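Novice: Quick one: the structure is below, and I'll ask about it shortly.
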């Protein structure tokens, strides 16, 4: 994963922003999307968010535990 502390902190912020944007997009689709598009969209976003957490955030936080948001555990 990213070894440099400063770069890791910048990457962590970008990853959190990407996760938040995807999560919000799912909220918007749930609110205003057609019934037939909500489930596929939300499921796809869920898959991507799981990848973000387990393939990006967890390894980054394992290497740089001080970057973990409060209450991450």
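Novice: Has the stretch 49-62 got any residue that is part of a helix (DSSP H, G or I), touching a residue at least 60 places away in the same chain (Cβ under 8 Å) and out of contact with any helix residue (DSSP H, G or I) (no Cβ under 7 Å at 6 or more places or on another chain)?
Specialist: Yes, there is a match, as at least one residue in the stretch 49-62 is part of a helix (DSSP H, G or I), touching a residue at least 60 places away in the same chain (Cβ under 8 Å) and out of contact with any helix residue (DSSP H, G or I) (no Cβ under 7 Å at 6 or more places or on another chain).
Novice: Okay, moving on. Would you confirm whether any residue within the stretch 29-45 is on the phi < 0 side of the Ramachandran plot and not in a helix (DSSP H, G or I)?
Specialist: Going through the stretch 29-45, the residues on the phi < 0 side of the Ramachandran plot turn out to be 29-45.
Right, trim to not in a helix (DSSP H, G or I) and you get 33-34.
Yes, because at least one residue in the stretch 29-45 is on the phi < 0 side of the Ramachandran plot and not in a helix (DSSP H, G or I).
Novice: Picking from 69, 59, 40, which residue would you name as being under 17 Å from the mean Cα position of the chain (by Cα) and surrounded by 11 or more Cβ atoms within 10 Å (Cβ to Cβ)?
Specialist: On inspection, the qualifying residue turns out to be 59.
FYI, it's all coordinate maths here, none of it is from the lab. Quick caveat, the model's predicted, so the values are computed rather than measured. Note: ideal-geometry Cβ built from the backbone for every residue, glycine included; neighbour counts use all protein chains shown.
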